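To keep things clear, I will list the structure first and then write my remarks on it.
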Amino acid sequence: MSSDNIDIRYVAKLARIELTDDEVERFGRQLGDLLEHVKTLHDLDTAAVPATAQVVESRNVARADAVGRCLEHETVMQMAPQRQGAFFRVPRIISEES
Amino acid sequence: MTQYEAVIGIECHVELKTKSKMFCACPNRFGGEPNAHVCPVCLALPGALPVANEEAILQVIRAGLAFGAEIPAFSKFDRKNYFYPDMPKDYQISQYDMPLAQGGVVRYWLDDGTTKECRLTRIHLEEDTGKSTHAGSGDGRIAHSSYSLVDFNRAGVPLMECVSEPDIRSAEEAVGFLDALKRTFVQLGVSDVKMEEGSLRCDANVSIRPVGSKDLGTKAEIKNMNSFRSVSRAIESEIARQIAVVAAGGRVVQETRGWDELAGTTHSMRSKEEAHDYRYFPDPDLVPIEVDRTVVERLRSLMADLPIARFERYRGSYGLGVAQATQLVDTPQLAEYFDSCVGAGGGGQQAANFVLGDLSRLANETQTPVWESSVAPQDLAELIGLVQSKTINSKIAKDLLLRMWNGGGSPKALVEHEGLAQTSDPGSVERFVDEVLAAHPKVVADYKAGKTNVMGFLVGQVMKQSRGKANPALAGELLAQKLG
């Protein structure tokens, strides 16, 4: 797949990354090369391979519904770049709540 | 003029009632100090790994079974990617194309007793987000705020999302549907379903089309509805808005609209196009779920009578009114109490009258639920039997009920012990009648002068004289004979 088929600016926007025109061109070419490489998988006959959602074979790993220890509140808040009282303080949010 | 009908689908999020969060052992508890119920997993500290809560998975399967949904043999968790500070991971663990439950039908009823159906698309399991408070704006509006405050106590709480098909046609039906979900989840014990505490949140997809059309119109998604009442008002307002747009020659645009409780209208919420590109992919930190058929069958066999089945039974078999049937169904313990009483021989309508009348009043006065009181349902059935066999009259029944409430015991024993049985022996009732007539010569004269409405007073006096034991019908007959 050539880099023409990848909307680098859209992908960058989704990832909240700002790119210069040079970078758009360079990363576009690099991602194109990566996809070209992965494309070799198209040559394999996968008709007999079931679709999978996980590479490990284990299933049903779950825990019993029991309460354990939380972190100490102060330990948590020390990790906050910004805080206000018991809350994390974050920059203003523009888009609506998901 | 073209007549329009509304086409409505509901998406609702229900917080599950587990002890711990979905993927970590922090407590699942409403309220508390901000950021007190957090750990490396729900804070997304590097290296922390989620492990699914088995109870939450079982609860969603039970919810699905309650509505006859299919429980696929294979299910998995996916990452829903988005940038928003209410999830420290920058993604939410959810389920994309392989939910725990698919399909199903919610049957519900309206205030006039009509029953309706709404198909479910799916029920899936995800984690709730943290709670953000938008500050620095003065008016609390997100668009005007200069920063936000985040509390992650709710982040990671198990959340069940139920998505309906667009089978709903009015605001009233939407509320009926939500009521049915609420009752069912309360009965299953999977959620408290309190809209005011946020354990039930819902959005409505609303569109209109000319009556008779089979096409779907362009829909608007309505958000920010905080009570059943606001769901009803928001949907009505949105239907009216869309009809007005189309009637004026305009077109409804697909968008998200927020309900404004004070203004009583919906308003467009600016939304960036790419906001919905969540780039779902299977969460590599979690392994798939294979649902054991024997577990599904066991859960299915343990399923109690659903609220709608109860409602129809109460209406059909006992002829209860919509209000009485709804009241019983809304409190599962009361409905079970009623069922035990009817099962022990207490006729349906009489049992409902006692349970919802005298017993509920006593329960209110003493702050003791009926089902925890000393009146066993079998004793109530016995009391009803005594009234039906005319052994006691309804006045004595009320007195007895109060004594049963205070001390418990069999009403039959009380009646025998205290000689309260109603007397239908004409001889002894006649003696009371004679005494009353002799004691009230003026009333007797009034009656003979044509004021026949004094009869009620005279019967009352006979009842009083007999300490409530005289059969009032017989007393009336004897009085009429003697006065006539």
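The values are calculated or read from the model by the stated rules, or taken from the named source; none is laboratory data. Note that the structure is predicted; figures quoted are calculated from it, not measured. Cβ: placed from backbone, ideal geometry, glycine included. Neighbour counts: every protein chain shown.
Worth pointing out:
Listed here are the residues, each with its yes/no results for (1) over 23 Å from the mean Cα position of the chain (by Cα); (2) within 28 Å of B:Ala25 (Cα to Cα); (3) of a type in the set (Phe, Trp, Tyr); (4) not in a helix (DSSP H, G or I).
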{"position": "B:Tyr108", "(1), (2), (3), (4)": "no, no, yes, yes"}
{"position": "B:Glu117", "(1), (2), (3), (4)": "no, no, no, yes"}
{"position": "B:Thr129", "(1), (2), (3), (4)": "yes, yes, no, yes"}
{"position": "B:Cys162", "(1), (2), (3), (4)": "no, yes, no, yes"}
{"position": "B:Pro166", "(1), (2), (3), (4)": "no, no, no, yes"}
{"position": "B:Ala174", "(1), (2), (3), (4)": "no, no, no, no"}
{"position": "B:Leu178", "(1), (2), (3), (4)": "no, no, no, no"}
{"position": "B:Lys182", "(1), (2), (3), (4)": "no, yes, no, no"}
{"position": "B:Gln187", "(1), (2), (3), (4)": "no, yes, no, no"}
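- One residue stands out among those in the stretch A:13-34 that are closer than 22 Å to A:Ile93 by Cα and loosely packed, with under 14 Cβ neighbours inside 10 Å: the one that is nearest to the chain's Cα centre (by Cα), which is A:Ala15.
- Residues satisfying the criterion are present in the stretch B:105-125 (criterion: at negative phi, of a type in the set (Lys, Arg) and surrounded by fewer than 17 Cβ atoms within 10 Å (Cβ to Cβ)).
- B:Ala36 passes every criterion in (1) crowded, with 18+ Cβ neighbours inside 10 Å; (2) of a type outside the set (Asp, Glu); (3) part of a loop (DSSP other than H, G, I, E, B); (4) more than 13 Å from chain A (Cβ to nearest Cβ) apart from (4).
- Which listed residue, of B:Val60, B:Val7, is more than 29 Å from B:Arg298 (Cβ to Cβ) and away from chain A (no Cβ under 11 Å): B:Val7
- Meets criteria (small (Gly, Ala, Ser), within 23 Å of the chain's Cα centre (by Cα) and within 30 Å of A:Thr52 (Cβ to Cβ)) for B:Gly113: no
- Taking the listed residues B:Lys76, B:Lys19, the one that is in contact with a strand residue (DSSP E or B) (Cβ under 6 Å, 6 or more places away or on another chain), at the interface with another protein chain (Cβ under 9 Å from one of its Cβ atoms) and either at pLDDT 95 or above or buried (at least 22 other Cβ atoms within 10 Å of the Cβ) (or both) is B:Lys76, with no other qualifying.
Yes or no, residue by residue, for (1) of a type outside the set (D, E, K, R); (2) touching a Pro at 6+ places or on another chain (Cβ under 9 Å); (3) loosely packed, with under 10 Cβ neighbours inside 10 Å:
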{"residue": "A:Glu36", "(1), (2), (3)": "no, no, no"}
{"residue": "A:His42", "(1), (2), (3)": "yes, no, yes"}
{"residue": "A:Asp45", "(1), (2), (3)": "no, no, yes"}
{"residue": "A:Val49", "(1), (2), (3)": "yes, no, yes"}
{"residue": "A:Val61", "(1), (2), (3)": "yes, no, no"}
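- Subset of the stretch B:232-256 that is charged (D, E, K, R) and modelled with pLDDT under 95 - its residue that is farthest from B:Glu5 (Cα to Cα): B:Glu255
- Residue in the stretch B:388-400 that is within 15 Å of B:Leu414 (Cβ to Cβ) and either modelled with pLDDT of 90 or more or not assigned by TED's automatic domain parsing to the domain that holds B:Gly319 (or both) present: no
- Considering residues of the stretch B:79-94 that are more than 8 Å from chain A (Cβ to nearest Cβ) and in contact with a Ser or Thr (Cβ under 6 Å, 6 or more places away or on another chain) only, the residue farthest from B:Ala155 (Cα to Cα): B:Lys80
- When the residues of the stretch B:126-140 are filtered to those that are surrounded by fewer than 16 Cβ atoms within 10 Å (Cβ to Cβ) and within 11 Å of chain A (Cβ to nearest Cβ), the one that is modelled with the lowest pLDDT is B:Ser137.
- Tally, over the stretch B:222-260, of residues that are over 22 Å from B:Lys194 (Cα atoms) and either surrounded by fewer than 19 Cβ atoms within 10 Å (Cβ to Cβ) or within 14 Å of chain A (Cβ to nearest Cβ) (or both): 18
- Test for B:Leu380: is it touching a residue at least 40 places away in the same chain (Cβ under 8 Å), assigned to a helix (DSSP H, G or I) and of a type outside the set (Phe, Trp, Tyr): no
- Within the stretch B:288-335, being over 29 Å from B:Ile57 (Cα atoms) and surrounded by fewer than 16 Cβ atoms within 10 Å (Cβ to Cβ) holds for B:Gly316, B:Ser317, B:Gly319, B:Gly321, B:Ala323.
- Selection status of B:Ala155, crowded, with 22+ Cβ neighbours inside 10 Å and more than 20 Å from B:Thr326 (Cα to Cα): yes
- Only residues that are β-branched (Val, Ile, Thr), within 19 Å of the chain's Cα centre (by Cα) and farther than 18 Å from B:Cys118 by Cβ were counted across the stretch B:189-219, and they come to 1.
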